Amino acid sequence: MAGSALPPVLIELKAMTSEFTAKMGEAKAELGALETEGSAHMSKLQQAGKVAAVGIAAGFVAAAGLSVKAGMEYQSTLAGIQGSAGLTSTEVKQIGDSFVDTMGKSTFSAQQMATAFAPVAGVVKEVDHGSLTAGQSMQFMKASMEASEATGNSLKSTTADLSSVLLAYGLSTQHAGDVSNELFNISRNTGVGLDQLSTTVDKLHGRLGIASPTLSDTGALMVDLGEHGISGSRD
């Protein structure tokens, strides 16, 4: 009937439906607000992430640039070793890797070792009868570094001194440690610097040839002469 009232059940159902619809609208509005707030936070985080990423990338590039520069310098020095001793790329790489492996175990860097070794690599190969392995190179440089640290002489100068004495006395890198110790003891007991000492014993051996005394005997003679007030050398 057109004018009749709705049954109580329908009236109650309609009221419940209206209340449910209203609450759904409120929930939807709250959810929308949360989404808007969340989007704003996400945008801020993304922007912060971009800034952080740029900062990290810039730092990485700067660090990488230094590494590349150092690497290029090291490769250039290794090329000098290769040219000096007539080595293959594989041989010089093995020597270079052996120097790098001393990082954290030596006072000297791989670059310092390679720089000191490059000018004498050919001489060291000669005293080892045409062979120059990574092991021989490290044996020689270990003796040179010990002498440098003990005397305060530069590594490059000490390396040159050691190689010249080995060549003069016909000794291989197997004797590098003993020669290094001998030179240090003679230098300490005579007060003669390592550079001057190596030049003196080289000249003496060159003049006397096969009649020349051993390095140890030469050192003992120099000490004895020094104790008697005789020092220096004649050309």
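The values are calculated or read from the model by the stated rules, or taken from the named source; none is laboratory data. Quantities reported herein were computed from a predicted structural model and do not represent experimental measurements. Note that each Cβ is placed from the backbone with ideal geometry, even for glycine, and that neighbours are counted across all protein chains shown. The protein model used for the area step is the full one, side chains on, heavy atoms only, and it has no ligands, DNA or RNA in it. Shrake-Rupley method; radii C 1.70, N 1.55, O 1.52, S 1.80 Å.
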query = What are the residue pairs meeting all of these: first residue in the stretch 176-204, first residue open to solvent by 60 Å² or more (accessible area, probe 1.4 Å), second residue not in a helix (DSSP H, G or I), Cβ atoms under 6 Å, and 6 or more apart or on different chains?
reply = none
task = Please go through the stretch 152-175 and pick out each residue that is surrounded by fewer than 23 Cβ atoms within 10 Å (Cβ to Cβ), at negative phi, over 24 Å from the mean Cα position of the chain (by Cα) and not aliphatic (A, V, I, L, M).
result = SER164, TYR169, SER172, GLN174, HIS175
inquiry  = Taking the criterion of being surrounded by fewer than 23 Cβ atoms within 10 Å (Cβ to Cβ) and part of a loop (DSSP other than H, G, I, E, B), would at least one residue in the stretch 134-151 satisfy it?
reply    = no
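Any chance the stretch 86-99 includes a residue that's open to solvent by 50 Å² or more (accessible area, probe 1.4 Å) and closer than 18 Å to ALA70 by Cβ?
yes
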Checking GLN112 against (1) outside any helix (DSSP H, G or I); (2) open to solvent by 40 Å² or more (accessible area, probe 1.4 Å); (3) not hydrophobic (A, V, I, L, M, F, W, C), the condition it does not meet = (1)
key: Flag if LEU208 is over 13 Å from VAL165 (Cα atoms), in a helix (DSSP H, G or I) and at pLDDT below 85   = yes
key: Scope the stretch 119-133; condition assigned to a helix (DSSP H, G or I) and free of Cβ contacts under 8 Å to residues at least 40 places away in the same chain; matching residues   = GLY122
